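Below is one structure, written out as structure tokens; comments come after it.
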Amino acid sequence: MASSIFQSFDKATSAATGAERLAALRMELARRGLDGFIVPRADEHQGEYVPASAERLAWLTSFTGSAGYAVVLADRAAVLVDGRYTLQVRDEVDLAHFTPVAIADTSLEAWIEANLPADAKLGYDPWLHTADQVARFEKAATAAGGTLVAASPNPLDAVWTDLPSPPRAPAAVQPLAFAGEAAEDKIARAREALAKARAAALVISDPHNLAWLFNIRGADVGHTPLMLGYAILPAEGRPTIFVDPAKITDEVAAHLAPLADVAPTDAFVPALEATARRGAAIRIDAATGAVALKQAVEAAGGKADVGADPLTKMKAVKNAAEQEGSRSAHRRDGAAMARFLAWFSREAPSGQLTEIDAAEQLEGFRRETNALMDVSFPTISAAGPNAALPHYRVTRASNRAIEPGIFLVDSGAQYRDGTTDITRTMAVGAVSDEMRDRFTRVLKGHIAIATAVFPKGTSGAQIDALARQALWQAGLDFDHGTGHGIGAYLSVHEGPQRISKLGTVPLEPGMILSNEPGYYKEGAYGIRIENLILVEPRDIPGAERPMLGFETLSFTPIDRALIEPSLLTADEIAWLDRYHAEVLARIGPAVDEETRAWLVEATKPLA
């Protein structure tokens, strides 16, 4: 059986350390004259995947989710999480010292207003929060009768005795054949956007945008090929990239030489201040730009224009080469998934497999493509009640045997030509009528998104309900968005596009998203069906306005053993049969005979 080289199943944190670390932080806060401190799950770039040196929330609380906050006061501490992690947080933190709070019920600002004592000083690290966040925190602290205070350097770092060093991984060039557009042309387009915004310069604080603009990739964080750093793009003149020089290989230096100057990271703030002293407007990304950047610009006499980084939208709309790269990556990944599912169907009935066995074997099949750069996130390999945790991460301590019932695997890969993300839910042995009902309702929602046709200008929020309708009819729902954006050999979670109640950005041709409705029964099982989809124009005879729809990119069988056919319409059955026929046609020629024999059975018509 394969073993993992891209994932660790050892839990790096323990709730047992919570009391000691909390006490140490409180002592440091008292020494600095602070009554409390906000600890986000963020780095200086507000990233989802952060280096080990930025895992402050996990170090303090042992909560390992990808989003959340802790607020530490003298007599209480809370860990605030969104709907993905309300169950997980209770399993991971020391409940005697940290109180889990669901952000859906109590926002961070509401908690501060209700709990911060009058006259208290609440600290925050200005490099770990955006200007908008700080404005909201400040309003809440003031309403409580307290004060929000910038605390730099970070007081938690002062008590983190084995704080890891920042990453220094070498960067690499993303070939033009995969990037699809020369960096010079991207820079020209970015300058056109700057001119429209009447900004003299753009601060690039998002490493994804840095990578995309200059056609480079890195290895500073797990599962996303990022080089952590900054850049300043002036309306005129050469851009400057600020990064640890150790990351710049000879190849990358030669690639960047015609495009930009390269300077060490510690030259970034002085350069930003020098630009600001000219008095012009400087665009700072509202989503990833730390409030420290705004404060530096304003202190130097410049105007901080906090708004959307135009590169984010440009990056989201994939060009022809990126679209074809994604199709190629999904054909390759579909073959690996087929091999895995065929293997799983043979091995799972024995009762000898565990969640880790499955995760390692799936990674092994992807590695055998000889194109795998990394997994795109830690595989969610979840049996039984663990599948009810939408973002469950298996460890050696939580590792369950795969027993009769439902098994869910949500996984993805990073290839040079594209990023993948796919979820399949499988029956192991006999399943209940309730499981089949819930799975089929999720499938109906998935098909509704896959077949949706909508006018140009439609946002993700306007179609999100399509994925939930069949669940709503049974009094059910799920607590995460239906779909997130996907990068091109970049982040598996990319904005601004999304299909969710909060997805206000219009969907445009070239955007890639996930289609992943689900259902979760706490303590019992979970279901999710996920494919990636590409927004494309739809030519409708007689249409009076431009219309859009989705091309499905992922091709992996959907387990027919979990489907209750009587709940599907004739059109839904026809969609499933067409999809399975296409899976066989696309993936069948790319797999071995044993896998192909399984694939033929798995893709038979439902009717």
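The values are calculated or read from the model by the stated rules, or taken from the named source; none is laboratory data. Everything quoted here is computed from the prediction, not taken from an experiment. Methodologically, a virtual Cβ is constructed for each residue, glycine included, from the backbone with ideal geometry; neighbour enumeration extends over all protein chains shown. Protein only, heavy atoms only, side chains kept; ligands, DNA and RNA dropped before computing areas. Shrake-Rupley method; radii C 1.70, N 1.55, O 1.52, S 1.80 Å.
Which number in (1) among the hydrophobic types (A, V, I, L, M, F, W, C); (2) crowded, with 19+ Cβ neighbours inside 10 Å; (3) over 23 Å from the mean Cα position of the chain (by Cα); (4) within 22 Å of residue 535 (Cα to Cα) marks the one condition that residue 467 misses?
In the conditions (1) among the hydrophobic types (A, V, I, L, M, F, W, C); (2) crowded, with 19+ Cβ neighbours inside 10 Å; (3) over 23 Å from the mean Cα position of the chain (by Cα); (4) within 22 Å of residue 535 (Cα to Cα), residue 467 misses (3) alone.
Take residue 461 and tell me if it is open to solvent by 10 Å² or more (accessible area, probe 1.4 Å) and over 30 Å from residue 323 (Cβ atoms). Talk me through it step by step, then tell me what you get.
Values: open to solvent by 10 Å² or more (accessible area, probe 1.4 Å): yes; over 30 Å from residue 323 (Cβ atoms): no.
It is false that residue 461 is open to solvent by 10 Å² or more (accessible area, probe 1.4 Å) and over 30 Å from residue 323 (Cβ atoms).
I need the full set of residues from the range 83-98 which are over 14 Å from residue 19 (Cβ atoms) and at pLDDT 90 or above, in order please.
Correct list: 89, 90, 92.
Do we have residue 583 as assigned to a strand (DSSP E or B), closer than 21 Å to residue 412 by Cβ and in contact (Cβ under 8 Å) with a residue 24 or more places away in the chain here?
Working: assigned to a strand (DSSP E or B): no; closer than 21 Å to residue 412 by Cβ: yes; in contact (Cβ under 8 Å) with a residue 24 or more places away in the chain: yes.
Against the criterion (assigned to a strand (DSSP E or B), closer than 21 Å to residue 412 by Cβ and in contact (Cβ under 8 Å) with a residue 24 or more places away in the chain), residue 583 does not qualify.
So which of 48, 28, 20 is open to solvent by less than 50 Å² (accessible area, probe 1.4 Å) and either closer than 30 Å to residue 346 by Cβ or out of contact with any helix residue (DSSP H, G or I) (no Cβ under 9 Å at 6 or more places or on another chain) (or both)? Even if it seems obvious, please write down each step before you answer.
On the way: 28 fails: either closer than 30 Å to residue 346 by Cβ or out of contact with any helix residue (DSSP H, G or I) (no Cβ under 9 Å at 6 or more places or on another chain) (or both); 20 fails: open to solvent by less than 50 Å² (accessible area, probe 1.4 Å).
Exactly one residue qualifies, and that residue is 48.
Anything in the range 489-518 that is of a type in the set (A, V, I, L, M) and open to solvent by less than 20 Å² (accessible area, probe 1.4 Å)? List them, or say none. Spell out the reasoning first.
We begin by selecting, within the range 489-518, every residue of a type in the set (A, V, I, L, M); these are 490, 492, 499, 502, 505, 507, 511-513.
Matches in the range 489-518: 490, 492, 499, 507, 511, 512, 513.
Go through (1) out of contact with any Ser or Thr (no Cβ under 7 Å at 6 or more places or on another chain); (2) open to solvent by less than 10 Å² (accessible area, probe 1.4 Å); (3) of a type in the set (Ser, Thr, Tyr) for residue 451 and report which single condition fails.
(2)
Taking the stated definitions as given, is residue 339 touching a Ser or Thr at 6+ places or on another chain (Cβ under 6 Å), of a type in the set (D, E, K, R) and closer than 23 Å to residue 414 by Cβ? Before the answer, list the steps.
On the way: touching a Ser or Thr at 6+ places or on another chain (Cβ under 6 Å): yes; of a type in the set (D, E, K, R): yes; closer than 23 Å to residue 414 by Cβ: yes.
Yes, satisfied.
Give the residues of the range 247-264 that are free of Cβ contacts under 8 Å to residues at least 40 places away in the same chain and surrounded by 17 or more Cβ atoms within 10 Å (Cβ to Cβ), sorted by residue number.
To start, the set of residues in the range 247-264 that are free of Cβ contacts under 8 Å to residues at least 40 places away in the same chain comprises 250, 253-254, 257, 261-264.
Listed by number, the residues that qualify are 262, 263.
Does residue 190 satisfy the criteria of being open to solvent by less than 10 Å² (accessible area, probe 1.4 Å), hydrophobic (A, V, I, L, M, F, W, C) and either on the phi > 0 side of the Ramachandran plot or in contact with a strand residue (DSSP E or B) (Cβ under 7 Å, 6 or more places away or on another chain) (or both)? Steps first, please.
On the way: open to solvent by less than 10 Å² (accessible area, probe 1.4 Å): yes; hydrophobic (A, V, I, L, M, F, W, C): yes; either on the phi > 0 side of the Ramachandran plot or in contact with a strand residue (DSSP E or B) (Cβ under 7 Å, 6 or more places away or on another chain) (or both): yes.
Yes.
Can you name the residue in the range 519-540 that is touching a helix residue (DSSP H, G or I) at 6+ places or on another chain (Cβ under 7 Å) and part of a loop (DSSP other than H, G, I, E, B) and is also surrounded by the most Cβ atoms within 10 Å (Cβ to Cβ) among such residues?
Here the residue is 529.
Which of (1) open to solvent by 50 Å² or more (accessible area, probe 1.4 Å); (2) in contact with a Leu (Cβ under 9 Å, 6 or more places away or on another chain); (3) not aliphatic (A, V, I, L, M) does residue 168 not meet, given it meets every other one?
Residue 168 satisfies all of (1) open to solvent by 50 Å² or more (accessible area, probe 1.4 Å); (2) in contact with a Leu (Cβ under 9 Å, 6 or more places away or on another chain); (3) not aliphatic (A, V, I, L, M) except (2).
Considering 146, 180, which residue is in contact with a helix residue (DSSP H, G or I) (Cβ under 9 Å, 6 or more places away or on another chain) and either of a type in the set (Ser, Thr, Tyr) or over 30 Å from residue 109 (Cα atoms) (or both)?
Working: 146 fails: either of a type in the set (Ser, Thr, Tyr) or over 30 Å from residue 109 (Cα atoms) (or both).
Result of the check over 146, 180: 180.
Among the numbered conditions (1) acidic (Asp, Glu); (2) under 24 Å from residue 445 (Cα atoms); (3) surrounded by 12 or more Cβ atoms within 10 Å (Cβ to Cβ), tell me where residue 571 comes up short.
All conditions are met except number (3).
Only one of 225, 239, 270 is of a type outside the set (Phe, Trp, Tyr), surrounded by fewer than 18 Cβ atoms within 10 Å (Cβ to Cβ) and either over 26 Å from residue 193 (Cα atoms) or modelled with pLDDT of 95 or more (or both). Can you tell me which? Working first, answer last.
Numbers: 225 fails: surrounded by fewer than 18 Cβ atoms within 10 Å (Cβ to Cβ); 239 fails: surrounded by fewer than 18 Cβ atoms within 10 Å (Cβ to Cβ).
270 is the lone residue from the list that is of a type outside the set (Phe, Trp, Tyr), surrounded by fewer than 18 Cβ atoms within 10 Å (Cβ to Cβ) and either over 26 Å from residue 193 (Cα atoms) or modelled with pLDDT of 95 or more (or both).
Which of the residues spanning the range 383-394 are under 17 Å from the mean Cα position of the chain (by Cα) and either among the aromatic types (Phe, Trp, Tyr) or open to solvent by less than 20 Å² (accessible area, probe 1.4 Å) (or both)? Break it down stepwise before answering.
Taking the range 383-394 as the starting set, the residues that turn out to be under 17 Å from the mean Cα position of the chain (by Cα) are 389-393.
The answer is 390, 392.
Do we find that residue 177 is of a type in the set (A, V, I, L, M), buried (at least 23 other Cβ atoms within 10 Å of the Cβ), in contact with a Gly (Cβ under 9 Å, 6 or more places away or on another chain) and in a helix (DSSP H, G or I) in this structure? Spell out the reasoning first.
Working: of a type in the set (A, V, I, L, M): yes; buried (at least 23 other Cβ atoms within 10 Å of the Cβ): no; in contact with a Gly (Cβ under 9 Å, 6 or more places away or on another chain): yes; in a helix (DSSP H, G or I): yes.
Answer is no for this residue.
Which members of the range 336-382 meet the condition of being open to solvent by less than 10 Å² (accessible area, probe 1.4 Å), over 15 Å from residue 223 (Cα atoms) and assigned to a loop (DSSP other than H, G, I, E, B)?
The answer is 353, and nothing else.
Strands (runs of 3 or more DSSP E) wholly in the range 34-146 with at least 2 residues that are touching a residue at least 24 places away in the same chain (Cβ under 8 Å) - which ones? Even if it seems obvious, please write down each step before you answer.
Values: elements: 36-40, 69-73, 77-81, 99-102, 121-124.
Counting at least 2 such residues, we get 36-40, 69-73, 77-81, 121-124.
Of everything in the range 395-409, what is open to solvent by less than 10 Å² (accessible area, probe 1.4 Å) and part of a strand (DSSP E or B)? Give them in sequence order.
Looking only at the range 395-409, we keep the residues that are open to solvent by less than 10 Å² (accessible area, probe 1.4 Å), and these are 402, 405-409.
Hits for the range 395-409 are 405, 406, 407, 408, 409.
Confirm whether residue 184 is over 27 Å from the mean Cα position of the chain (by Cα) and either crowded, with 16+ Cβ neighbours inside 10 Å or in a helix (DSSP H, G or I) (or both). Working first, answer last.
Numbers: over 27 Å from the mean Cα position of the chain (by Cα): yes; either crowded, with 16+ Cβ neighbours inside 10 Å or in a helix (DSSP H, G or I) (or both): yes.
Against the criterion (over 27 Å from the mean Cα position of the chain (by Cα) and either crowded, with 16+ Cβ neighbours inside 10 Å or in a helix (DSSP H, G or I) (or both)), residue 184 qualifies.
Quick one: would you say residue 317 is in contact with an Asp or Glu (Cβ under 6 Å, 6 or more places away or on another chain), under 28 Å from residue 415 (Cβ atoms) and either among the β-branched types (Val, Ile, Thr) or open to solvent by 40 Å² or more (accessible area, probe 1.4 Å) (or both)?
On the way: in contact with an Asp or Glu (Cβ under 6 Å, 6 or more places away or on another chain): yes; under 28 Å from residue 415 (Cβ atoms): yes; either among the β-branched types (Val, Ile, Thr) or open to solvent by 40 Å² or more (accessible area, probe 1.4 Å) (or both): yes.
Judged against the criteria, residue 317 is a match.
Here is a check on your reading of the model: is residue 563 among the β-branched types (Val, Ile, Thr) and under 19 Å from residue 604 (Cβ atoms)? Lay out the reasoning, then the answer.
Working: among the β-branched types (Val, Ile, Thr): yes; under 19 Å from residue 604 (Cβ atoms): yes.
Yes: the conditions hold for residue 563.
Only one residue in 300, 329, 335 is out of contact with any strand residue (DSSP E or B) (no Cβ under 7 Å at 6 or more places or on another chain) and closer than 26 Å to residue 491 by Cβ. Which one? Reasoning before the result, please.
On the way: 300 fails: closer than 26 Å to residue 491 by Cβ; 329 fails: out of contact with any strand residue (DSSP E or B) (no Cβ under 7 Å at 6 or more places or on another chain).
Going through 300, 329, 335 in turn, the sole match is 335.
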